[in-house]
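Comments concern the structure below.
The values are calculated or read from the model by the stated rules, or taken from the named source; none is laboratory data. Because the structure is predicted, anything quoted here is derived from the model rather than measured. Every residue, glycine among them, receives a Cβ derived from its backbone with ideal geometry; neighbour counts consider all protein chains shown. We work out accessible area using only protein heavy atoms, side chains counted, and drop any ligands, DNA or RNA first. Shrake-Rupley method; radii C 1.70, N 1.55, O 1.52, S 1.80 Å.
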Amino acid sequence: MTKTFTLDGKVIPFEEGETIMEAAAAAGVYIPHLCHHPEFKPHGSCKLCTVNIGGRLGAACTNRAAEGMKVESETEALNADRRALTQMLFVEGNHICPSCEKSGNCQLQAVAYHLGMLTPHFTHFYPARDVDASHPDVLLERNRCILCELCVRASRDVDGKNVFGIGGRGIKARLIVNSASGRLADTDMSVTDRAAEVCPTGAIIRKRHGFTVPIGQRLYDHHDIAEVPVAGMERPKK
Ligand code: SF4
Ligand code: FES
């Protein structure tokens, strides 16, 4: 017999070992997330996918589904926390959406729209962060980095190169490049690497492909992020 749990009252089937996020996605239910990607080991760092699991809070991307579990996700309180977390991500970096090449294709921006975030609310940190334009084909714009570590995981686990890492702690945490000079040009990163296309924001951009699709005609210009399947995490239409 198929095992099930409930998510906001809806019965969700799951297979042994699946996380709440995986089972929900397979059933066509969106749980907001940024650091999760089905191709990579869950990281559990952004906390956007926090849900109420039978009275305690936990990340949907790292907690396994269990028979009879009662999970809440779409509550006003959880969405208010998600909005606050998203606002913090915006003020901790320098996100200038109107001038960003990723605008309309950016998951951070799309999650903010989905959650009804209207202002950054918190005071901007305006951190000084380096842009690395040294690589011939890939631009690293750290101002837009949300430290989700997807590029770190993609480079290490798929490309087998270990180009990226996180250096520093807390507010001083930064995306670092693992070369003696610290520059992307001095790594073996290639534009065809998985790490070059996995970034959910505009922090890793392919050069010479700017604005090939005009702003206004991009994915999240027309679709709420909840309607858009992430590759490998297909959700049937609700
Ligand atoms: S560069 Fe992009 S993929 Fe890498 S940690 Fe920053 S936001 Fe995540
Ligand atoms: S998606 Fe689960 S913690 Fe980031």
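Could you tell me whether R153 is open to solvent by less than 10 Å² (accessible area, probe 1.4 Å) and among the charged types (D, E, K, R)? Step through it out loud before you land on a result.
Values: open to solvent by less than 10 Å² (accessible area, probe 1.4 Å): yes; among the charged types (D, E, K, R): yes.
Here the answer is yes, as R153 does meet what is asked.
Looking at the range 144-195 only, could you name the residues that are within 27 Å of V91 (Cβ to Cβ), away from ligand 2 (no atom under 16 Å from the Cβ) and of a type in the set (A, V, I, L, M)?
Residues of the range 144-195 within 27 Å of V91 (Cβ to Cβ): 144-154, 164-177, 182, 184, 195.
In the following step, the residues that additionally are away from ligand 2 (no atom under 16 Å from the Cβ) were identified as 144, 164-165, 167-172, 174-177, 182, 184, 195.
Those that are within 27 Å of V91 (Cβ to Cβ), away from ligand 2 (no atom under 16 Å from the Cβ) and of a type in the set (A, V, I, L, M): I171, L175, I176, V177, L184, A195.
Could you check the range 92-111 and list, in sequence order, the residues that are open to solvent by 40 Å² or more (accessible area, probe 1.4 Å) and among the hydroxyl-bearing types (S, T, Y)?
Scanning the range 92-111 gives a single hit, S99.
Can you give me the number of residues within the range 179-208 that are open to solvent by 80 Å² or more (accessible area, probe 1.4 Å) and either among the β-branched types (V, I, T) or over 21 Å from the mean Cα position of the chain (by Cα) (or both)?
Keep residues of the range 179-208 that are open to solvent by 80 Å² or more (accessible area, probe 1.4 Å), which gives 180, 183, 186, 188, 192, 197, 206, 208.
Restricting the remaining residues to those that are either among the β-branched types (V, I, T) or over 21 Å from the mean Cα position of the chain (by Cα) (or both) gives 180, 183, 186, 188, 192, 208.
Summing the residues that are open to solvent by 80 Å² or more (accessible area, probe 1.4 Å) and either among the β-branched types (V, I, T) or over 21 Å from the mean Cα position of the chain (by Cα) (or both) in the range 179-208 gives 6.
When you go through (1) closer than 23 Å to I166 by Cα; (2) away from ligand 1 (no atom under 16 Å from the Cβ) one by one for L85, which number turns out not to apply?
Only one criterion in (1) closer than 23 Å to I166 by Cα; (2) away from ligand 1 (no atom under 16 Å from the Cβ) is unmet by L85, namely (2).
So in the range 1-21, with the set limited to residues that are in contact (Cβ under 8 Å) with a residue 24 or more places away in the chain and touching a Lys or Arg at 6+ places or on another chain (Cβ under 9 Å), which one is farthest from ligand 2 (Cβ to nearest atom)?
Step one: filter the range 1-21 for residues in contact (Cβ under 8 Å) with a residue 24 or more places away in the chain, giving 3-8, 12, 14, 17-21.
Among the residues that remain, those that are also touching a Lys or Arg at 6+ places or on another chain (Cβ under 9 Å) are: 5-7, 14, 17-20.
Numbers: F5: 17, T6: 20, L7: 15, F14: 17, G17: 17, E18: 14, T19: 9, I20: 10 Å.
Top of the filtered list is T6.
Could you please find all residues in the range 45-71 being part of a loop (DSSP other than H, G, I, E, B) and either more than 9 Å from ligand 2 (Cβ to nearest atom) or open to solvent by 10 Å² or more (accessible area, probe 1.4 Å) (or both)? Give the steps one after another, and end with the answer.
Residues of the range 45-71 that are part of a loop (DSSP other than H, G, I, E, B), as a first pass: 45-49, 54-55, 60-63, 65-69.
S45, C46, K47, G54, G55, T62, N63, A65, A66, E67, G68, M69, listed by residue number.
Condition (residue is open to solvent by less than 10 Å² (accessible area, probe 1.4 Å), under 28 Å from K172 (Cβ atoms) and away from ligand 1 (no atom under 16 Å from the Cβ)) applied to the range 5-20: is it met by at least one residue?
No, the range 5-20 contains no residue that is open to solvent by less than 10 Å² (accessible area, probe 1.4 Å), under 28 Å from K172 (Cβ atoms) and away from ligand 1 (no atom under 16 Å from the Cβ).
With the requirement that a residue be out of contact with any helix residue (DSSP H, G or I) (no Cβ under 8 Å at 6 or more places or on another chain) and part of a loop (DSSP other than H, G, I, E, B), what does the range 19-44 give you? Don't jump to the end; show me each part of the working.
Residues of the range 19-44 out of contact with any helix residue (DSSP H, G or I) (no Cβ under 8 Å at 6 or more places or on another chain): 19-29, 44.
Within the range 19-44, A27, G28, V29, G44 qualify.
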